[in-house]
Amino acid sequence: MLDEFTGNPDVLWGFLVALAVVLALTPAVGRVARVLGVVDEPGERRRVHLRAVPRLGGVAIFLGIFVPALAFLDLTGPYRGIVLGAALATTVGIVDDFRGLPWAVKLAGQVGAAGIAVQAGVTIDRFTFPIVGIHDLPEWLAVVLSIVWIVAIMNMVNFLDGLDGLAAGVCAIAGATFAVIALSLARPNAAVLSAIVAGACLGFLRHNFYPARIFMGDSGSMLLGFTLAAVAIEGTLKTAATVALFFPLFVLAVPILDTSFVVARRLRRGERVFAPDQSHLHHRFIRRGFSQRETVLYLWAWCAILAGAALATRFVPFREGGEWHLWPTVAVALIGLVAVASSLYLVVLLEILKVRRLRAWVGQRRGEADEEERRLRSA
């Protein structure tokens, strides 16, 4: 793995340039946002901050991605489409940050950005399943799945952006993990772009971690969601690796699970799917008495554990040469158990599964059964 990094120095340089650009430009973007009045006021339904904070941080993140992309990426074919789509996603986000957009218009912009990438060849044209092997998809299905995937991840990252540093940290972990996996799969362009995303997010965290001096806004969350979704397709899903399907699902599990829980709850209660509320995972942490810092660190740790499971799945040779190997398989299974256990711990901690109600119901049923048994004995 070290040889692959040293043989691809553009990965490291892309990371460092993105980091430097965002570190330098974010304060200036924040000052411009204040002058233009593009600030988040406290008291909105999804907000937990106590003072006005400028947004538009996505502009600095975009420049932090765009500049090293020009220097270190081959901007032909799919990657040209990714950069152009990222520019459209950022533009739609900027307009939304300035004046707010109806959800239908915002969704149309997201579909347009995804369409640019898909038109350039960023498509999920195959799935590689364990045991059953590689399956090519019809062209129309590849287009539909790719657009749905990109738009979904854009909205998932947007939903996750509710606490200082949360979305930026999760995207930094995801970008770094995708960079390592893409390098191992001989996808150098995807590795470079993933490293650039990680560097841009880390640079932004210098100004965005609690207490944040600037928010990324929709311009940043939509940009990061779009880029990570596209690089997941180019860096993992287009390869012939047996477990490639699971890499993005592990790495992006936190925003995926957060959105799944929220959407399921809203549908169950008959609420609008796009209506803002405080039912996300980070809001549940706050209601349980955790501070903003503690909440963000817990969710970063969860994301890192799941990313570690993805890396273990890739690098531990549990099925090398088409044969299963005992101890590597045991190691991967243990790492998987840690990932599952940490996920279940947080699900129970946040009372997503109503364990107390379940225990009360079980106790009530047992009491009824005991009462029925006593009645039959006395009869």
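The values are calculated or read from the model by the stated rules, or taken from the named source; none is laboratory data. What you see is a predicted model; the values in this text were computed from it and never measured. All Cβ positions, glycine included, derive from the backbone under ideal geometry; neighbour counts span all protein chains shown.
In region 78-97, the residues that are without any contact (Cβ under 8 Å) to a residue 60 or more places away in the chain and surrounded by fewer than 24 Cβ atoms within 10 Å (Cβ to Cβ) form Cβ pairs under 9 Å with partners that are basic (K, R) and assigned to a helix (DSSP H, G or I), at six or more places apart or across chains, as follows: V95/K106.
Is it the case, given these coordinates, that V362 is modelled with pLDDT under 75 and touching a Pro at 6+ places or on another chain (Cβ under 8 Å)? No; evaluated as a whole, the condition is false for this residue. Picking from residues in region 80-93 that are of a type outside the set (V, I, T) and touching a helix residue (DSSP H, G or I) at 6+ places or on another chain (Cβ under 6 Å), the one that is nearest to L237 (Cα to Cα) is G81. Scoring F215 on the criteria (1) farther than 23 Å from A89 by Cβ; (2) part of a loop (DSSP other than H, G, I, E, B) leaves a single failure, condition (1).
S343: surrounded by 12 or more Cβ atoms within 10 Å (Cβ to Cβ), modelled with pLDDT under 80 and under 30 Å from A104 (Cβ atoms), yes or no? No. Applying the set (1) at pLDDT 75 or above; (2) closer than 22 Å to A168 by Cβ to Q278 leaves exactly one unmet item: (1). For region 49-77, the set of residues classified as surrounded by fewer than 20 Cβ atoms within 10 Å (Cβ to Cβ) and either on the phi > 0 side of the Ramachandran plot or among the β-branched types (V, I, T) (or both) consists of V67, T76, G77, listed by residue number.
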